[in-house]
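This report concerns only the one structure given below.
The values are calculated or read from the model by the stated rules, or taken from the named source; none is laboratory data. Only a predicted model underlies this, so the values are computations on that prediction, with no experimental measurement involved. No Cβ is skipped: glycine too gets one built from the backbone with ideal geometry, and neighbour counts run over all protein chains shown.
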């Protein structure tokens with residue numbers, strides 16, 4: 001028995017040593033595990049992606065997500081500075097006929113080449129009246145399309161033609177500002193694979209696997225899965241034509257602003273998406289600035305937060321809209337909630353835009369004048385209105401409380417309905433709301449007709465004002481920058497006077513990310529993902 005006990009003790013000793021050595025080996029591999037983890041980037045979103053459909057993506061979070069997977073013809077790392085993506089060049093001699101030459105190395109993730117046929121198919125699909133899309137306003141300058149960017153006859157756009165496998169000619173209705181077509185069609189339209197989408201009936205695209213679980217894409221990262229309202233998982237496209245991505249996995253995690261701050265501090269999230277879809281609460285800014293591992297800075301942005309009226313409701317006439325705007329103490333919103341990182345602007349045009357007209361002043365906060373406008377509107381103040389509020393953006397939720405108080409002081413009873421962002425967006429599209437809060441991420445080009453013209457892909461306020469429609473349609477086709485600037489100044493005055501939506505404030509974006517991440521959010525937010533394949537950790 002003693003011998004067996006001795007062997008038992010020896011066996012236990014050997015096992016213990018083996019376990020200890022295993023632990024040491026695992027510990028020694030810690031740097032390797034950490035290095036492997038550094039191939040993975042986790043980005044915090046406070047808004048869930050509303051859509052993974054490259055043809056239909058009204059929400060900024062969806063647009064952000066799609067840029068990881070689909071390339072456009074051009075990148076725009078800085079305002080109106082265009083660089084090649086799928087297109088090596090995008091040139092014109094007369095500002096009406098544009099020759100687009102594709103990168104011959106570009107290919108889809110299934111190995112097939114990206115060709116001129118894919119570009120033409122994409123544009124014709126967007127123009128098809130049966131297709132649900134937010135992209136038609138980006139191509140309506142093309143010959144053969146109506147002002148809404150749709151075909152009225154036939155199935156092909158007369159202003160688009162294939163020269164060879166890698167060359168496309170685009171012809172506009174009349175000469176246009178080259179930066180306009182490059183910004184709109186070149187930068188905002190995701191090219192889709194013809195060999196995948198041509199097998200789907202146009203009316204069925206929005207519900208097809210090709211857009212809900214995309215497997216054939218062209219960008220630096222490939223779709224892996226999306227757990228609704230939790231995370232999107234992406235993996236590197238190792239055959240990406242612009243170079244193999246240095247990061248191998250990306251997770252887009254959806255959370256509220258408070259959790260985003262916690263996760264940034266813990267290191268579980270290494271970057272906030274910024275620009276209204278990955279927002280760090282202002283109250284936590286100083287705490288994050290004290291963290292030596294994090295880069296924190298604020299920069300101006302194109303966009304802001306808005307109170308939207310359902311303009312299709314005849315009770316919400318111009319006097320009602322003006323009354324609501326003048327009853328809201330926007331200075332209190334800016335001072336109390338944003339602590340100097342936001343500004344009041346009269347319309348959707350922000351101070352960062354070269355087209356912003358500072359001579360157009362916002363309607364004042366004036367409760368007595370607001371009451372007179374309300375009386376003139378004829379609105380029945382015995383009615384209770386519902387204000388829909390997307391959850392996730394803490395400051396926007398807090399602004400809803402202050403707006404509710406201000407409207408009650410005006411004599412309008414308001415109740416809040418808090419919903420996830422995709423639900424609010426779906427209601428906005430259908431016009432299934434009275435009032436709602438919404439943020440816009442706007443573009444460098446001043447053509448915002450998609451937000452205010454009937455048929456516009458993001459006309460959530462359901463504006464149908466013939467004069468505004470004509471002004472916007474005329475301005476976007478002007479070739480002279482000086483003429484356009486004058487036209488957009490007039491548009492800003494008309495918008496200010498009519499208050500189709502209430503511009504609450506434009507806020508600075510907060511860039512928050514790990515200092516060791518090389519790449520990430522740029523001061524010009526829309527250009528942030530242009531060099532995504534080069535992002536890496538030191």
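Worth pointing out:
- Residues that are at pLDDT 95 or above and assigned to a loop (DSSP other than H, G, I, E, B), drawn from region 482-520: 499, 500, 515, 516, 519, 520
- Number of the condition not met by residue 144 [criteria: (1) modelled with pLDDT of 95 or more; (2) under 26 Å from residue 50 (Cβ atoms); (3) in a loop (DSSP other than H, G, I, E, B)]: (2)
- Filter pass, residue 64 being under 30 Å from residue 517 (Cβ atoms) and surrounded by 23 or more Cβ atoms within 10 Å (Cβ to Cβ): yes
- Selection of strands (runs of 3 or more DSSP E) fully inside region 284-395 by the criterion of at least 2 residues being over 25 Å from the mean Cα position of the chain (by Cα) returns 384-390.
- Residue list for region 428-450, restricted to those being crowded, with 23+ Cβ neighbours inside 10 Å and closer than 16 Å to residue 56 by Cα: 428, 450
- Any hit, region 466-483, residues being buried (at least 19 other Cβ atoms within 10 Å of the Cβ) and out of contact with any helix residue (DSSP H, G or I) (no Cβ under 9 Å at 6 or more places or on another chain): no
- Among the residues listed as 42, 60, 109, 72, the single one being at pLDDT below 95 and at negative phi: 60
- Contacts under 7 angstrom Cβ, first residue in region 374-385 being in the same structural domain as residue 413 (by TED's automatic domain parsing), partner part of a loop (DSSP other than H, G, I, E, B) and surrounded by 11 or more Cβ atoms within 10 Å (Cβ to Cβ), 6 or more apart: 374/411; 377/317; 379/315; 381/411; 381/412; 385/412; 385/434
- All conditions but one from (1) part of a loop (DSSP other than H, G, I, E, B); (2) touching a strand residue (DSSP E or B) at 6+ places or on another chain (Cβ under 9 Å) apply to residue 453; the one that does not is (2).
- Hits in region 184-226 (condition: assigned to a strand (DSSP E or B) and touching a helix residue (DSSP H, G or I) at 6+ places or on another chain (Cβ under 9 Å)): 190, 221, 222, 223, 226
- Qualifying positions in region 227-239 - assigned to a loop (DSSP other than H, G, I, E, B) and in contact (Cβ under 8 Å) with a residue 40 or more places away in the chain: 228, 229, 237, 239
- Test for residue 149: is it in a loop (DSSP other than H, G, I, E, B) and at pLDDT 95 or above: no
- Options 126, 191, 169, 157; residue that is surrounded by 20 or more Cβ atoms within 10 Å (Cβ to Cβ), touching a strand residue (DSSP E or B) at 6+ places or on another chain (Cβ under 6 Å) and modelled with pLDDT of 95 or more: 157
- Of all residues in region 406-427 being part of a loop (DSSP other than H, G, I, E, B) and surrounded by fewer than 19 Cβ atoms within 10 Å (Cβ to Cβ), the one that is modelled with the highest pLDDT: 411
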